[in-house]
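Everything below concerns the one structure shown next.
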């Protein structure tokens, strides 16, 4: 008897650098049922994600573009979809959507849009914000299915657009990759940090959203009350220079270690004691989930999807965004209280295992693929 043809799904994302959305795509294609689906990935820039996909044998292609609604590549994308015999298009993020949507519609392919966090947010120039809202309203209405990664993002969509059809599928973590019981290289020793010194970890793209300068200001205040600790800042981005300047300005360069993005995030997390993410907004932060899976005490901003994963005082601590004093107070509290730290660590691991695994996330997404393909 002839085997039914596998469903060819295109996963597309704006860039090949590793961030939350890119980690999501990597996990999704790795855990997809290979009996039923054949994933193909399209990125609009090269980078570590492209290499990681190549290493695991997932077909990945780059069509170079640095902007949204880049009409110059639309025909190229259409030719690519035809050549790859794609059945379903799954776009991750606004830019990927705006550069694939036209081709998918022309070819009559169903399009799924995962919103990993809205492109409009407070702090934007009002004209830019209005333009982005109009763009998001348009592209969400053209999608066959919209997936929000948090209830908060879904509520924002409803409030902003008036009508917004979507399902919520929260991000998950791979418990095999992020396993606190596994053996890892000694990251503390590699950075010359004494084994017994407390390490705060900030592992994120250094962008306005992730507030690296606010992280340094909070850490600087915390050092005044608990001087025996180091801050490990791992990542790159447009605010990297501003962060380096801030460390010098605050006179804390001896206490801060900067490094570029690393592929071995589980090993880095294993080497830190407290994980901080002082974001100004979030979809449903994979970085926080990964730290929780590794059994870390988490301090994060009380924003959007973050507060859906972190319950203050139960499996982590929440602090107001853009507030150095409360960030510092939370760092000092956890630095001094080992018992509380241990409680938060255990509850964090329990939360991930019971609610946020990548296999649970993938099965929900696969159901949508099946429904669209067979309809």
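See the values below:
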read-out: Condition check for residue 128: free of Cβ contacts under 8 Å to residues at least 12 places away in the same chain and not assigned by TED's automatic domain parsing to the domain that holds residue 210; value: yes
read-out: Segment 171-189, subset farther than 19 Å from residue 18 by Cα and in contact (Cβ under 8 Å) with a residue 24 or more places away in the chain, residue surrounded by the most Cβ atoms within 10 Å (Cβ to Cβ); value: 187
read-out: When residues of segment 46-69 are limited to those that are within 25 Å of residue 262 (Cβ to Cβ) and in contact with a strand residue (DSSP E or B) (Cβ under 7 Å, 6 or more places away or on another chain), the one surrounded by the fewest Cβ atoms within 10 Å (Cβ to Cβ); value: 54
read-out: Residue match in segment 88-105 (condition: without any contact (Cβ under 8 Å) to a residue 24 or more places away in the chain, in the same structural domain as residue 40 (by TED's automatic domain parsing) and crowded, with 17+ Cβ neighbours inside 10 Å); value: yes
read-out: Residue list for segment 227-248, restricted to those being in a helix (DSSP H, G or I) and surrounded by 14 or more Cβ atoms within 10 Å (Cβ to Cβ); value: 240, 242, 243, 244, 246, 247
read-out: Count of segment 293-306 residues which are part of a loop (DSSP other than H, G, I, E, B) and either on the phi > 0 side of the Ramachandran plot or at pLDDT 95 or above (or both); value: 5
read-out: Residue in segment 159-169 that is in a loop (DSSP other than H, G, I, E, B), touching a residue at least 60 places away in the same chain (Cβ under 8 Å) and either touching a helix residue (DSSP H, G or I) at 6+ places or on another chain (Cβ under 7 Å) or surrounded by fewer than 20 Cβ atoms within 10 Å (Cβ to Cβ) (or both) present; value: yes
read-out: Matching residues in segment 196-205 - criterion: being assigned to a loop (DSSP other than H, G, I, E, B), under 19 Å from residue 264 (Cβ atoms) and either without any contact (Cβ under 8 Å) to a residue 40 or more places away in the chain or touching a helix residue (DSSP H, G or I) at 6+ places or on another chain (Cβ under 6 Å) (or both); value: 204
read-out: Test: residue in segment 285-292 that is surrounded by 19 or more Cβ atoms within 10 Å (Cβ to Cβ), at pLDDT below 95 and part of a loop (DSSP other than H, G, I, E, B); value: yes
read-out: Residues satisfying the stated conditions in segment 307-329, i.e. assigned to a helix (DSSP H, G or I) and surrounded by fewer than 24 Cβ atoms within 10 Å (Cβ to Cβ); value: 307, 308, 324, 325, 326, 328, 329
read-out: Filter result for the condition that a residue is farther than 9 Å from residue 15 by Cα and touching a helix residue (DSSP H, G or I) at 6+ places or on another chain (Cβ under 6 Å), over 37, 69; value: 69
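Matching residues to (1) in contact with a helix residue (DSSP H, G or I) (Cβ under 6 Å, 6 or more places away or on another chain); (2) more than 15 Å from residue 22 (Cα to Cα); (3) in contact (Cβ under 8 Å) with a residue 60 or more places away in the chain; (4) outside the structural domain of residue 93 (by TED's automatic domain parsing):
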{"site": "258", "(1), (2), (3), (4)": "no, yes, no, yes"}
{"site": "268", "(1), (2), (3), (4)": "yes, yes, yes, yes"}
{"site": "271", "(1), (2), (3), (4)": "yes, yes, yes, yes"}
{"site": "277", "(1), (2), (3), (4)": "yes, yes, yes, yes"}
{"site": "284", "(1), (2), (3), (4)": "no, no, yes, yes"}
{"site": "295", "(1), (2), (3), (4)": "yes, yes, yes, yes"}
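The values are calculated or read from the model by the stated rules, or taken from the named source; none is laboratory data. None of these values were measured; they are calculated from a predicted model. With ideal geometry, Cβ positions are generated from the backbone for all residues, glycine too; neighbour counts draw on all protein chains shown.
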